[in-house]
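Okay, so here's the structure we're looking at.
The values are calculated or read from the model by the stated rules, or taken from the named source; none is laboratory data. If you're wondering where the values come from, they're calculated on a predicted model, not measured in any experiment. Virtual Cβ from ideal backbone geometry, glycine too; neighbours counted across all protein chains shown.
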Amino acid sequence: MKFTYTTCIALAAAVAKVSADCFSTRLGYPCCSSWNRDVQYVDGDGQWGVENGNWCGIGGQQQQSQCTGQNQGYQCCNGCKVEYTDGDGPWGIENNQWCGIKNTCSSQPQTQPQQRTTTTQQQSQPTNNPSGVPLNPPKVTGGQTGKTTRYWDCCLASCSWSENTKASHPVNACRKDGISVIQNFDWTVGSACSGGQGYMCNDNQPWAVNDNVSYGFVAAGFSSGSQKDWCCTCQRLEFTSGPIAGKQMVVQITNTGGDLSNNHFDIQMPGGGVGIFNGCSSQFGAGNDGWGERYGGVKSAAECSQLPAALQDGCKWRFNCFKNADNPSVTFERVQCPKELTDITGCIPVDDASAKKLPW
């Protein structure tokens with residue numbers, strides 16, 4: 001179950017005496033009352049409900065699945081025609097919905113799996129991407145509202161300074177090539193945007209995990225806390241306006257800035273505009289305003305060719321996956337950082353384990 005603990009062990013134990021066969025008790029959550037069959041969330045552990053503001057497990061202990069995805073809330077197919085196969089097993093489509101192929105079909109001839117196509121299925125669909133991210137992840141519920149902008153100034157991120165984060169290792173700082181990580185970075189090295197030698201690393205750019213979910217990095221500002229509290233933490237953003245409304249992005253905060261307002265995420269994307277500072281001139285020979293306009297950057301995917309080859313993928317992401325959305329609004333929540341992000345930055349928040357887990 002992928003949520004932070006909200007129930008106490010005593011409560012879980014008390015309920016477990018009544019419903020010892022409930023799957024959720026082994027995870028520290030109580031079983032739902034027998035009358036409660038209102039499914040609020042489904043994951044690999046089973047079906048979950050809510051009682052008295054707490055998560056609870058619906059139904060008894062998980063039994064051997066009769067078909068692919070049954071324990072994830074999917075119906076079993078009536079037939080045996082395979083439309084798609086992933087790490088969970090073979091899947092079919094009936095009544096325009098994904099369904100799991102029954103185990104008894106394994107002894108019967110099956111149709112060659114085909115590339116899966118879009119359906120009207122609203123649950124998180126099965127996925128075979130390495131990160132395990134579903135094509136249609138659960139929405140952000142109970143989060144805060146915020147806004148976004150974009151930038152890429154090549155300057156050293158503020159979270160690269162150990163004084164600005166509580167983490168044991170700050171965000172990696174790179175040399176002028178954007179690849180070589182500076183070991184034991186400190187004030188004597190400094191930022192290239194203030195006469196030093198440290199730059200943002202090239203790999204701090206966004207990428208699409210699938211059609212609806214991306215990972216990346218941001219500068220951010222909030223109404224409470226301080227830079228030391230924010231640096232290296234991760235947020236799950238759900239875009240709520242523009243052509244990407246409904247899409248999501250998981251970001252790690254690597255930078256802050258005096259020009260950021262409350263609940264403000266400045267998404268790092270090459271060619272997104274240098275803004276106040278321009279370290280791209282000294283690093284890559286960009287013009288005084290960077291590539292394109294100083295605020296806004298390049299205007300088309302074709303103009304991404306102006307950037308160094310190492311930055312062009314992140315630039316094209318803006319026009320492909322991000323659909324050139326212009327500062328869309330978001331709903332957001334703090335989450336544990338995916339390893340894919342912390343492996344790049346080298347920074348893991350000291351309180352990361354207590355943050356809400358991603359729902360995949």
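Inspect the stretch 309-316 for any residue being crowded, with 19+ Cβ neighbours inside 10 Å and closer than 28 Å to GLY143 by Cβ and give the result as yes or no. Yes, the stretch 309-316 contains at least one residue that is crowded, with 19+ Cβ neighbours inside 10 Å and closer than 28 Å to GLY143 by Cβ. When THR188, THR145 are checked against the criterion of being surrounded by fewer than 17 Cβ atoms within 10 Å (Cβ to Cβ), part of a strand (DSSP E or B) and out of contact with any Leu (no Cβ under 7 Å at 6 or more places or on another chain), THR145 stands alone in meeting it.
What do you reckon, is VAL250 touching a Pro at 6+ places or on another chain (Cβ under 7 Å), part of a strand (DSSP E or B) and under 24 Å from SER162 (Cα atoms)? Criteria met by VAL250.
From SER106, SER124, SER131, which residue is at pLDDT below 95, among the polar types (S, T, N, Q) and not in a loop (DSSP other than H, G, I, E, B)?
After ruling out the rest, the residue left standing is SER106.
Regarding CYS304, is this residue within 22 Å of CYS201 (Cβ to Cβ), crowded, with 16+ Cβ neighbours inside 10 Å, in the same structural domain as ALA192 (by TED's automatic domain parsing) and touching a residue at least 60 places away in the same chain (Cβ under 8 Å)? In short, no. Could you count how many residues in the stretch 284-301 are surrounded by 17 or more Cβ atoms within 10 Å (Cβ to Cβ), among the aliphatic types (A, V, I, L, M) and under 23 Å from TYR215 (Cβ atoms)? Qualifying residue count for the region: 1. Residues in the stretch 22-71 that are at pLDDT 75 or above and small (Gly, Ala, Ser): 5 in all. Scanning the stretch 318-336 for residues that are in contact with a Ser or Thr (Cβ under 8 Å, 6 or more places away or on another chain), more than 22 Å from ASN262 (Cβ to Cβ) and buried (at least 22 other Cβ atoms within 10 Å of the Cβ) turns up just one, PHE322. Among the residues of the stretch 271-309, those identified as assigned to a loop (DSSP other than H, G, I, E, B), more than 26 Å from the chain's Cα centre (by Cα) and among the small types (Gly, Ala, Ser) are GLY279, GLY285, ALA286, GLY292.
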